[in-house]
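Any read-out appearing in this document is the output of simple, stated calculations on the displayed coordinates, not a laboratory observation. The structure displayed is predicted, hence computed values, not measured ones. All Cβ positions, glycine included, derive from the backbone under ideal geometry; neighbour counts span all protein chains shown.
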Protein chains: 2
Amino acid sequence: MKLKLLYTCMAITGLAGTAFAQETVDQAATQKIREEGLNHSKVMETAFYLTDVSGPRLANSPGLKKAQAWAVNQLKSWGLSNSKLEPWGKFGKGWEVQKNYAAVTLPYYHAIIAIPKAWTPGTNGAIKSEVVLVKADSVAELDKYKGKLAGKIVIFDTQNTLKRITKPDLERYTDEQLAEMAAAKPAAAGQRRAFDPNSPQFAAMRKARAMRTAISQFLVDEKVGLIISQGRGTDGTTFTTNGASYADTAKAVAPELETSGEDYLRILRLVKAGQKVEMEADIKTQFITDDLQGYNVVAEIPGTDKKLKEQVIMIGGHLDSWHGATGATDNAAGSAVMMEAMRILKAIGFKPKRTIRIALWSSEEQGLFGSRGYVAAHFGDPKTMELKPEQKTLDAYYNLDNGTGKIRGIYLQGDTAAGPIFQAWLAPFKDLGATTVTASNTGGTDHQSFDAVGLPGFQFIQDAMDYGTRTHHSNQDTYDRLSEDDLKQAATIVASFVYNTSERKDMIPRKALPTPPPAATGTR
Amino acid sequence: MKLKLLYTCMAITGLAGTAFAQETVDQAATQKIREEGLNHSKVMETAFYLTDVSGPRLANSPGLKKAQAWAVNQLKSWGLSNSKLEPWGKFGKGWEVQKNYAAVTLPYYHAIIAIPKAWTPGTNGAIKSEVVLVKADSVAELDKYKGKLAGKIVIFDTQNTLKRITKPDLERYTDEQLAEMAAAKPAAAGQRRAFDPNSPQFAAMRKARAMRTAISQFLVDEKVGLIISQGRGTDGTTFTTNGASYADTAKAVAPELETSGEDYLRILRLVKAGQKVEMEADIKTQFITDDLQGYNVVAEIPGTDKKLKEQVIMIGGHLDSWHGATGATDNAAGSAVMMEAMRILKAIGFKPKRTIRIALWSSEEQGLFGSRGYVAAHFGDPKTMELKPEQKTLDAYYNLDNGTGKIRGIYLQGDTAAGPIFQAWLAPFKDLGATTVTASNTGGTDHQSFDAVGLPGFQFIQDAMDYGTRTHHSNQDTYDRLSEDDLKQAATIVASFVYNTSERKDMIPRKALPTPPPAATGTR
């Protein structure tokens, strides 16, 4: 409501008008940040090291460790303080692909596009087998396969056809969409959705999950050679998932290969038509168990104001990725932008009043673990809402994790009191397309860990580009997907937000503390 | 001009009006054809055997031979006569991929999406090597690589970035586009474009070609292990080409792998940044030299009219494809539709006056060789315009080779006298979106072989769908790209056109014979 009135006011008085009189933006500093960020950017160089040079950055993988080590050194070399890996708790096994070859050999040769599911084992050398269609709606039906699947390559039936992409791959927000977002009301705050574990839907889910578990166990027991499953995606783009637990105590699973829709459906059609299909495969994966700990990269520009330096502004994004490509848009983009924002602030010689800290999270893809662990260690427990003293000193957290698209505004995450402040801070970037403050929430990334303990945690609004259609968790999330101009713009705006937050007289206003869910029911 | 007046007339009198009074369409036959083609179609079953079951159908490959043999039998089983392979002349070697594995192993493991260039040799077993960037603008500059490339995997520099697709993949003609086509004037007929072999452009082309040849020879002499080159395409879609001559007398070339844009550019960026990149590859290709002859599939429904049965209507499309996928839209689609049109005519018990012949061409992709050879053997020589007696008896040839899109009309290829006839024949298919007769030409496929010797050869107008963006010569041209409703529509319309051509009192009017080009200059 407050926000709506504000917009009415804006329409009359304009952005530089009375509504934001208290939010003075330092024009000279903004200009310096723009000059450095737009004309002397190093964001693509940073992105190159995080993607092409480091490789896939699955949680606790060698690729992630390489990127983390590079980031720690790079931030140091830019003059940041306390640049280090900070453990956030136990994660589990690292994993990487060391060989990935699979091909159809009958009725004719055809190498397939496929990626091993994360944390699945390999084939233990080259295997070759007829492809066997496994069809079972109940555990009893599995009996007919007993003793017949050892070393075999198996496929499941599916009703899936190929979902063709009929809209353009690269999308940006239209003015109408942004206006709609700007007019959105804040989502109901705090209380998480409770559910009834005895509901019919939940019972059906439990049953389906039990069947999947039974089939998985059966295939392991039968020593199946390799499971072929259909990856989402089309045109050679394949989205990847995990196929097993990363826990050091996890049960063994069968090797499983997520296969491009085209290749999967071709094999399935042939098998179902009674044609003999033979495949060969050689998959090698490596588990890394020497250190089960998870780490975040952190580094600081220390505050210089005697009183305010105890207060901290944080920016971040997750550095870990899925394993099918180099996680360029998810989320080397956000990581590179946040590193670049820190570089910009150092490059212009900024001596902030408050302390500025960057964090590059890990294990975001498994459940925001890196940021949750960090928040638990520093700020409090969202389950009990027991808060630590540092919770009071965290001014704001800004996150970037929605791909390569430029910043179009910011989600208030219901913290409507921050709206007029951010509106004023966005004003100098109208020419760069960043204008929209929305009271609504966005989810699925690390600002939620902060939000969960009552801290002002914000994710920027970003143009979608091809995040949903092509890159998000796919085998095509590579450096080429990065849009240089968009990343420069984003780093410039983030640097400016950080500057303004640091120099502001007061901390960013907070919304009410969330209520922990009732103990009697669960959450999901 | 004539055509334009006709359209004016149509606008006033309507399609069933006086303008086409002489072109009576048999409504009952049309209804039977529609019923069989739209409601009892076997076109997807046919397409399945031509694609999934047969595999890639490169000229003279085992895949093409399998599809040809299947088609001969299938046409026989539908009751067609004289179903056989007809040799059209010497083509050259067959070729197929028997192993295709390549991966980056340093700085981290990553299997790449890549297809061997057609008619290139394999790596003669597994190889592993640092990737070497070869940069040479002149033959002299190659010297620095002398003695250093044996067994090495090499890459060339490029200015290419990745061309992202910003428009929707699946496109259909709009009413405006169709109206524009309908209003087009016929292209200048007959005379082919002459060129001056002494022009500066041609000299530059010659020089560039000579440099490419010199580099190729150098790499063969140096016994290079494998060349990595950038395939056109994005998102895992890679377009394939040939890398060597199919002639039995062709010189040896180096193994060459056409690599997805994303993989190629990643390797190139790393190498150019001074990062050590290592790859492993195991490519096996097989040359088939036991029969260098090329063959077309032909089959007939014999004419029943004492006089007219000597006259022949032909329909066709090329059955051969490129090797990166199963050539579904290029051109199993056209082949399946033409086979289905013949099946429909048999299924409705049609006893045509004239003889109806289907031809599924081969080696279209290398230069319309199958249809050219057929035309040379039966109808005449386009170079001299010496014609054979059969030239007089070929009524019309209808071709389909523009992907999976439904028929929206027909190109007259300048034969404007046929315009009113086809307009009348399309009238019963207005509800299926086929309305447009354009005087203009279309090129690149087998109707040109007929057109070149003064025969009425026509290609239908088809919706583009994703032919240009995804399928045409790509590794993604698979069965999944086929649009069932579109293929059914096309087969129905082709069957109806054939019916009408067979039963028409007169043959399709012809345009003037083309003039052979002046002997003094060449053509291209």
ask   = What is the local net charge at B:Glu364, summed over the other residues whose Cβ is closer than 13 Å to its Cβ (Lys, Arg +1; Asp, Glu -1)?
value = -3
note = Between B:Ala204 and A:Arg510, the two model label points (7 Å from Cα along the beta-carbon direction) sit apart by a distance in nm of 6.8 nm
note = Both in Å, the radius of gyration and Dmax of the C-alpha trace of the range B:355-478 are 15.4, 44
task = Please compute P(r) over all alpha-carbon pairs of the range B:157-313, binned at 10 Å starting from zero, and give each bin as a whole-number percent.
result = 7, 18, 23, 26, 17, 8, 2, 0
remark   = Using the Kirkwood radius over Cα pairs of the range A:304-383, the Stokes-Einstein translational diffusion coefficient at 25 °C and 0.890 mPa s, in µm²/s and rounded to a whole number, is 174 µm²/s
query = Binning every alpha carbon pair distance of the range A:218-261 at 5 Å from zero, what are the percents per bin?
reply = 5, 23, 21, 20, 18, 9, 4, 0
Three-way shape call for the range B:43-88 based on the alpha-carbon gyration tensor, with the a/c threshold at 1.5 = oblate
request  = Ignore the peptide's own chain and count Cβ atoms of other chains within 10 Å of each Cβ in A:276-285; give me the average, rounded.
outcome  = 1
ask   = Going toward the positive end of the dipole of the protein assembly as shown, with +1 on Lys and Arg Cβ and -1 on Asp and Glu Cβ, which of A:Phe239, B:Ile348, A:Tyr264 do you reach last?
value = A:Tyr264
inquiry  = Just checking the output field for B:231-238: average partner chain Cβ neighbours within 10 Å of each residue's Cβ?
reply    = 6
query = Cα gyration tensor of the range B:436-524, axes a ≥ b ≥ c as square roots of the eigenvalues: rounded (a/c below 1.5), prolate (a/b > b/c) or oblate?
reply = oblate
query = Given just the C-alpha atoms of the range B:234-282, how large is their convex hull per residue in cubic angstrom?
reply = 111 Å³
task = Quick one: plug the Kirkwood hydrodynamic radius of the range A:138-235 (C-alpha pairs) into Stokes-Einstein at 20 °C, 1.002 mPa s, and report D in µm²/s.
result = 114 µm²/s
ask   = What trypsin sites (Lys or Arg not before Pro) in the range B:194-254 are in a loop by DSSP, with at most 11 other Cβ atoms within 10 Å of the Cβ?
value = B:Lys223, B:Lys251
key: Directionally averaged projected area (convex hull, Cα atoms, chain B), nm²   = 25.6 nm²
ask   = Of B:Arg408, A:Arg510, A:Arg57, how do they rank once you tally other Cβ atoms within 10 Å and put the fewest first?
value = A:Arg510, B:Arg408, A:Arg57
query = What are the distances, in nm and sorted shortest first, from the label point of A:Lys251 to the label points of the same position in each other copy, with each label point placed 7 Å from Cα along the Cα-to-Cβ direction?
reply = 6.3
request  = Could you work out, residue by residue across B:259-269, how many beta carbons of other chains sit within 10 Å of that residue's beta carbon, and then give the average as an integer?
outcome  = 4
note = Checking rank on A:133-142, B:484-493, with mean other Cβ inside 10 Å and highest first, the result is B:484-493, A:133-142
ask   = Hey, which of these cross-link pairs are over 28 Å Cα-Cα: A:Lys144/B:Lys284; A:Lys65/A:Lys99; B:Lys84/B:Lys511?
value = A:Lys144/B:Lys284; B:Lys84/B:Lys511
query = Taking the label point 7 Å from Cα in the Cβ direction, how far apart in nm is A:Pro168 from each other copy of itself, listed shortest first?
reply = 1.2
Rel. contact order, % - alpha carbon contacts under 8 angstrom, at least six apart, chain A = 24 percent
task = List the distances, in nm and shortest first, from the label point of B:Gln286 to the matching label points in every other copy, placing each point 7 Å from Cα along the Cα-to-Cβ direction.
result = 3.5
inquiry  = What's the whole-number percent of alpha carbon pairs in the range A:229-344 lying beyond 26 angstrom?
reply    = 49 percent
inquiry  = Averaging the inverse of every distinct alpha carbon separation and then flipping it gives the Kirkwood radius. What is it for the range A:437-478, in angstrom units?
reply    = 12.2 Å
Cross-link pairs A:Lys93/A:Lys146; A:Lys163/B:Lys42; A:Lys42/B:Lys276 - those with Cα-Cα distance over 28 Å = A:Lys93/A:Lys146
task = Return, for the Cα atoms of the protein assembly as shown, the radius of gyration and Dmax in Å, separated by a comma.
result = 33.0, 109
